[in-house]
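The values are calculated or read from the model by the stated rules, or taken from the named source; none is laboratory data. Since the model is a prediction, treat every value here as computed from it, not as a measurement. As a convention, Cβ positions derive from the backbone with ideal geometry for all residues, glycine included, and neighbour counts pool all protein chains shown. Quick note on the areas: whole protein, heavy atoms, side chains included, nothing else; ligands and nucleic acids left out. Shrake-Rupley method; radii C 1.70, N 1.55, O 1.52, S 1.80 Å.
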Amino acid sequence: MATAIYLEHYLDSIENLPCELQRNFTLMRDLDNRTEEKKGEIEKLAEEYVATVKNLASEQRMEHLQKIQNAYSKCKEFSDDKVQLAMQTYEMVDKHIRRLDADLARFENELKEKLELSGYESTEGRGVKKGESRGLREKRGSKRKGRKGSDEDSPKKKKMKNSPDLSDALLPMQPSDVLDMPVDPNEPTYCLCHQVSYGEMIGCDNPDCPIEWFHFACVDLATKPKGKWFCPRCTQDKKKK
């Protein structure tokens, strides 16, 4: 029954995943096409500039170069959008994988608890029945032979007294067992926190930045800032210079 509930909830959660993936892939393909068009436009403008540069006035040269620069900026913008989409797609799939791992961990712990509980109850039941039969035998023996024995001093009763509590016998399920799932050692890490990619991330515009990508939360961002963005480390290095 528990298996069916976990499965049903998980299937409900991934119901829209194929459509979302298809939408992201379509947008990425569209960005690829637009980037290729811009690259063709840049190439054409560059050839035109090289062919006519000798006959152009200074202002015309600057105007032509500005057109090439604008086309390059647009091309970079398309590329940045594609990278963001790729990261969102990865996070989308990774989120469901982590949920599946968490559900499996919970289900495994529940199974362990049920097995240990049933094992404890069966052991306790056998111990009680043996204790009762032993008491009856001792009572009969005392009537026949006049001996006085106590059930409390029997080895089996002592063993039952010293046996662990039900709460001690069970392994409690800690939240960390569910949330602290193993991470693939081959997966690259990013950001100041040295963790794997997850959620919204932003890239540092310093080409020499050793970290490159950062989680929004780690750099106190809620939305993607306009224009160029530099990480705290690169910003601090700039101030030193």
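For the residues Ser197, Ser79, a 1.4 Å probe over the protein chains yields an accessible-area ranking, largest first, of Ser79, Ser197. The length gained by stretching the chain between Ile5 and Glu187 to full extension, at 0.36 nm per residue less their Cα-Cα distance, is 62.4 nm. Pop a pseudo-label 7 angstrom from the Cα along the beta-carbon direction at both Leu100 and Lys112 and give the gap in nm to one decimal. The answer from the label model is 2.2 nm. Applying a threshold of 20 Å to the alpha-carbon distances of Lys39/Lys82; Lys74/Lys239; Lys39/Lys228; Lys44/Lys67; Lys76/Lys228 flags Lys74/Lys239; Lys39/Lys228 as lying beyond it. In the assembled protein chains, Phe78 presents an accessible area of approximately 10 Å² (probe radius 1.4 Å). Full extension of the segment from Thr235 to Glu200, taken as 0.36 nm per residue of separation minus the current Cα-Cα distance, would add 10.5 nm.
Computed with a 1.4 Å probe over protein heavy atoms only, the accessible area of Ile97 comes to about 90 Å².
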